[in-house]
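Written out below as structure tokens is the structure these notes cover.
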Amino acid sequence: MVADPSPRLKPVESGLTDAVFRVRGLAKTYGAGEVQVRALHDVDLDVARGEFIVLLGPSGSGKSTLLNILGGLDVPSAGVIHFHGQELTNATDTELTTYRREHVGFVFQFYNLIPSLTVRENVALVTDIVANPMPVDEAIDMVGLTPRRDHFPAQLSGGEQQRVAIARAIVKRPDLLLCDEPTGALDYQTGKLVLEVIAKVNRDLGTTAIVITHNAAIADMADRVVVLGDGCIQRVQANTHKRSPSELSW
């Protein structure tokens, strides 16, 4: 199965191919006139290939806005983003669609599974739109759901449904796995299982992972923690010793 040809992002002469992202001066404002909300301002961030980053901060700090812009779901009001040395900032809608399809896997707090389809069918849906998908059963096995692959979402627990969502995200072999509060609707033990899967994808496939959370304990499993507040980056902290999800407590 080969994805439909469509316009590619324009390369830039910048020597940025060593990084997945290089973001400079990123800003996002919603609204117009006197009613404006500044969601992001003056954000600079580099993301290395294969890195595990946690975006940490309270509600309204700009985490989801930043993730949505990096994932091509939203566009900035100002600033520049390079993705593997290509200009992403001024991409057209068609180019952003291609970018999301070929490079990005999304996992959200809510699973967005199709109730009338089995686990295998939910995951297989994505394989029709990419050029080189992973075998569906391999993706399902990677998230530990082989015995449940013929079950429907209503027959699964919340954690199992979230793992189906992860399998659906990784089956297209994305460069990026972007997760917005992936454990937000889960209990402590189930959340750990989901985090184990995300860590495994990052470790075994080399997929760059960026995870949003308001839970500071989850930050210990990241290579770097980016703390946001009031729409800007407050600090960036590197973890000298990453902890596995099984070691976390919150």
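The values are calculated or read from the model by the stated rules, or taken from the named source; none is laboratory data. Small disclaimer: the values here were computed from a predicted structure and weren't measured. Reconstructed Cβ throughout: ideal geometry from the backbone, glycine too, with neighbour counts over all protein chains shown.
Observations on the structure shown:
- Single residue of segment 175-189 satisfying the filter (surrounded by fewer than 22 Cβ atoms within 10 Å (Cβ to Cβ) and under 23 Å from Asp141 (Cβ atoms)) that is modelled with the highest pLDDT: Asp175
- Options Ser116, Ser61: the member that is among the polar types (S, T, N, Q) and under 22 Å from Ile212 (Cα atoms): Ser61
- Some residue of segment 93-112 being closer than 17 Å to Thr207 by Cα and touching a Lys or Arg at 6+ places or on another chain (Cβ under 6 Å): no
- All positions within segment 198-225 that are among the hydrophobic types (A, V, I, L, M, F, W, C), crowded, with 23+ Cβ neighbours inside 10 Å and not in a loop (DSSP other than H, G, I, E, B): Ile198, Val201, Ala209, Ile210, Val211, Ile212, Ile218, Met221
- Assessment of segment 108-122 against the conditions (more than 29 Å from Ala48 (Cα to Cα), among the hydrophobic types (A, V, I, L, M, F, W, C) and surrounded by 20 or more Cβ atoms within 10 Å (Cβ to Cβ)) yields at least one matching residue.
- Residue in segment 46-55 that is over 24 Å from Lys242 (Cβ atoms) and in a loop (DSSP other than H, G, I, E, B) present: no
- Residues in segment 41-62 that are of a type in the set (D, E, K, R) and closer than 17 Å to Pro76 by Cα: Asp42, Asp44, Asp46.
- Filtered by the rule that a residue be among the small types (Gly, Ala, Ser) and farther than 15 Å from Val211 by Cβ, segment 34-58 gives Ala39, Ala48.
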